[in-house]
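Heads up, the thing below is written out as structure tokens.
Where a number appears in this text, it was derived from the coordinates with a stated rule and is not lab data. As the structure is a computational prediction, the values presented were derived from the model and not from experiment. Note that each Cβ is placed from the backbone with ideal geometry, even for glycine, and that neighbours are counted across all protein chains shown.
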Amino acid sequence: MTAAFTAAEYVAALDYNLAPFVDASGTIPEPTDRAIVRFRNAYLAFLGLDPHASEEERQARAEEMSKASEEEQAAHLATLRAMLAEVCAGHPTTEQIDALPYRVVLAMVSWLLGVLANPQKPAPATSS
């Protein structure tokens, strides 16, 4: 007899806890297929890795980002925060995301991209 697929065992809720940086915790609603695609594509474009861009366009984007002024870097971070807020659909809120430090935003974006692209069954707990 083969084991059954149980969705909840493989696709965990998108729970978050932003403490101690922001007093916010909860569950991100399951994004739609389109929301996930927009989030992934926006992130790739943000990094200059747009799959539809030519090699020259990618190189120009990388050079542009390396020479960005402080104001331009702040605008890039605002774009990253907006992308995260959109896919999170209000959980956490835009205001809560905006209150997070830069490294926490990057960590949350990385985590969310990972779990959306590759949900995996958690490894069984082991005892020592």
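Within the chain, helices built from complete DSSP H runs that reach 18 Å or longer along their own axis (Cα positions) and carry a mean Kyte-Doolittle hydropathy of -0.5 or higher are 33-46, 70-88, 102-117. For region 31-117, the dipole from Cβ point charges (+1 on Lys and Arg, -1 on Asp and Glu) about the Cα centre works out to 380 debye, to the nearest 20. Estimated from helical segments only, the mean residue ellipticity of the chain at 222 nm is -17000 deg cm²/dmol, where each DSSP H run of four or more residues counts as -39500 (n - 2.57). For region 10-32, the residues whose backbone nitrogen is under 17 Å from a point 7 Å from the Cα of Trp111, taken along Cα to Cβ, are 11-31. Mind checking the full-extension length gain between Asp98 and Gln73? Use 0.36 nm per residue of separation minus the Cα-Cα distance, one decimal, nm. Taking 0.36 nm per residue and subtracting the Cα distance, the gain is 7.5 nm.
Projecting the Cα atoms of Ala75, Tyr43, Ala19 onto the dipole axis of the chain, where Lys and Arg carry +1 and Asp and Glu carry -1 at the beta carbon, places Ala19 farthest toward the positive end. Each principal axis of the Cα cloud of region 31-117 was evaluated for its coordinate range; sorted largest first, these ranges are 37, 30, 16 Å.
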